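Data block below; observations after.
The values are calculated or read from the model by the stated rules, or taken from the named source; none is laboratory data. Note that this is a predicted model, so its numbers are computed, not measured. Every residue, glycine among them, receives a Cβ derived from its backbone with ideal geometry; neighbour counts consider all protein chains shown. Please note that ligands, DNA and RNA were not included when accessible areas were found on the heavy atoms of the full protein model with its side chains. Shrake-Rupley method; radii C 1.70, N 1.55, O 1.52, S 1.80 Å.
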Amino acid sequence: IVILVILSKLLTFNLVFKSSNYDWFQTDSLITIVIYTKQKDMNADLVIVDCQDKQLRGEIIMDDHSYLVEVDLDHAVSEDVTVNIAEKVGKVEIILNKKDNVHWKMLGQPCEGHNTFIKRTDRGLFYRKCKLISKTEVTHDTKLFCLMLPKGTHLRVPTGQHVYLKHIIAGTEVVKPYTPVLPFLPLDFQEPPCHDAVHIYLMIKIYSHGLFTQALDHLRIGDYISVSNPEGNFKKSQVQTSEDLLLLAGGTGFTPMVKLLNFALTEVSCLRTVKLIFFNKTEDDILWRNQLEQLALKDERFQVQFILSQPSKDWVGKQGKISSSLLSEFVKRSRRDSKVLICICGPAPFTEQGVQFLKNLGYSQEEIHAFTA
Ligand code: FAD
Ligand code: NAP
């Protein structure tokens, strides 16, 4: 037992030691913090920086672990923060602008989590206050909220991940997850202006008796709401090797599909077909119907199928609820042996039943990704 304890301590020390490789230097006007992650595929999505007043927090995501630099800075810095990444060698630079051209004797006082490399699940969520910039109608009950990150924040929510919003309602802190989308579905698949890393767009259905969504709906432009770091277990690499991508969405379960669609059609060259099967109650509930139809006209790899569970008598399209027979009709490989990825998101029972139906149809666990909390 003693040997095991010593070994585990050595291992922990090694993990911390291996990843505590940060350095800093200064010029007259800049402070540069350099973190050597030694991770080859380091990218901007994996670096989250918050610099407000004299507090600096820089978190680097490395698989299911995170490395943190957190200090109470020696002197004041301006709000602009630059993050540079040398992807191939895994070097991350956080560059701060000094407010006064004084020589810093030290970077600052370390905070509790400073210079630690621990499991992400043990880190806890960090929130920053974001300003509500606009609120636009998507359907009769769903709105697109545009939030602006503070100036000293560098945060990009990766495809397939969600954030938590936190708000005090009647004296109690309430937290709910939401999946950021793009401001619209880009049709030309050039780098969309929405990748500005400043705004977060959320498509949110307002429930008439919903605790959180009612409070959100009552926010005024210019009000603030707390937004967490991203979470989620979807990996883009799941799509990168697929030839057919099938997306099954129920209601606002459409939200993770937005960035996924954009990523697939822009960056995955081996994809032959992308199909969205979108389940809603009525025609009025279909989110971004027009944009989806435009996209299907514009890109021959993309098809959309709307299925309504409570259609009016004028609906000539497909009708029904998620079922084996509906799925066997629409979920198909484009070739007998093509590599397929099926993503599903919607009300919990919709997702659970859908996964079961897909398995019954012969799709393997590796071919299915279910978005859940
Ligand atoms: P509550 O006060 O919890 O519920 C009040 C009433 O609202 C319920 O009686 C019910 O009628 C209805 N209701 C509440 N929650 C649900 C639900 N989940 N399904 C069906 N009916 C419900 N929602 C979005 O609009 N956009 C998103 O991008 C989004 N992303 C999510 C990501 C994840 C990972 C998860 C788990 C959920 C996501 N949700 C999203 C749902 C969201 O987190 C809340 O559950 C939802 O906004 C309702 O919150 P509320 O406090 O207003 O409702
Ligand atoms: P909704 O309008 O109530 O339903 C959308 C479609 O799903 C309708 O056709 C509906 O048919 C069907 N459906 C609902 N419950 C079902 C069930 N039990 N079995 C089979 N089909 C069912 O959906 P919504 O209000 O937008 O809710 C969207 C859900 O997605 C929320 O629960 C939200 O939490 C979830 N969501 C999850 C994530 C995530 O995990 N990452 C992201 C975004 C949203 P009926 O006519 O039968 O109701």
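Within the stretch 215-271, track down each residue that is closer than 29 Å to K166 by Cα and of a type in the set (S, T, N, Q). Passing the criteria: S226, S228, N229, N233, T252, T255, N262.
For the stretch 314-353, a tally of residues being within 8 Å of ligand 2 (Cβ to nearest atom) and in contact with a strand residue (DSSP E or B) (Cβ under 8 Å, 6 or more places away or on another chain) returns 7. Restricting the stretch 154-189 to residues that are in contact (Cβ under 8 Å) with a residue 40 or more places away in the chain and of a type in the set (K, R) leaves a set whose member that is farthest from ligand 1 (Cβ to nearest atom) is R156.
Consider G222 carefully, then state whether it is under 24 Å from R128 (Cα atoms) and modelled with pLDDT of 95 or more. So G222 fits the description; yes. Just need a number here: residues in the stretch 295-304 that are open to solvent by 50 Å² or more (accessible area, probe 1.4 Å) and either over 11 Å from P186 (Cα atoms) or in contact with an Asp or Glu (Cβ under 6 Å, 6 or more places away or on another chain) (or both). Number of matching residues: 4.
Looking across the stretch 77-110, the residues that are more than 15 Å from Y22 (Cα to Cα), assigned to a loop (DSSP other than H, G, I, E, B) and within 31 Å of the chain's Cα centre (by Cα) come down to E87, K88.
Exactly one residue out of L271, L287, L292, L245 is outside the structural domain of D64 (by the TED database), modelled with pLDDT of 95 or more, open to solvent by less than 20 Å² (accessible area, probe 1.4 Å) and within 16 Å of ligand 1 (Cβ to nearest atom), and it is L287. Residue-level analysis places V81 among those that are within 24 Å of Y201 (Cβ to Cβ) and among the aliphatic types (A, V, I, L, M). Scanning the stretch 330-348 for residues that are under 21 Å from I286 (Cα atoms) and either within 16 Å of ligand 1 (Cβ to nearest atom) or open to solvent by 80 Å² or more (accessible area, probe 1.4 Å) (or both) returns C343, I344, C345, G346, P347, A348.
Scanning the stretch 235-258 for residues that are within 19 Å of V331 (Cβ to Cβ) and assigned to a loop (DSSP other than H, G, I, E, B) turns up T241, S242, E243. Scanning the stretch 203-224 for residues that are charged (D, E, K, R) and over 23 Å from the mean Cα position of the chain (by Cα) turns up just one, R220. Looking only at the stretch 305-328, decide whether some residue is free of Cβ contacts under 8 Å to residues at least 60 places away in the same chain, open to solvent by 70 Å² or more (accessible area, probe 1.4 Å) and within 26 Å of the chain's Cα centre (by Cα). No, the stretch 305-328 contains no residue that is free of Cβ contacts under 8 Å to residues at least 60 places away in the same chain, open to solvent by 70 Å² or more (accessible area, probe 1.4 Å) and within 26 Å of the chain's Cα centre (by Cα). For the stretch 211-242, the tally of residues that are over 22 Å from I277 (Cα atoms), more than 15 Å from ligand 2 (Cβ to nearest atom), of a type in the set (A, V, I, L, M, F, W, C) and surrounded by 13 or more Cβ atoms within 10 Å (Cβ to Cβ) stands at 4.
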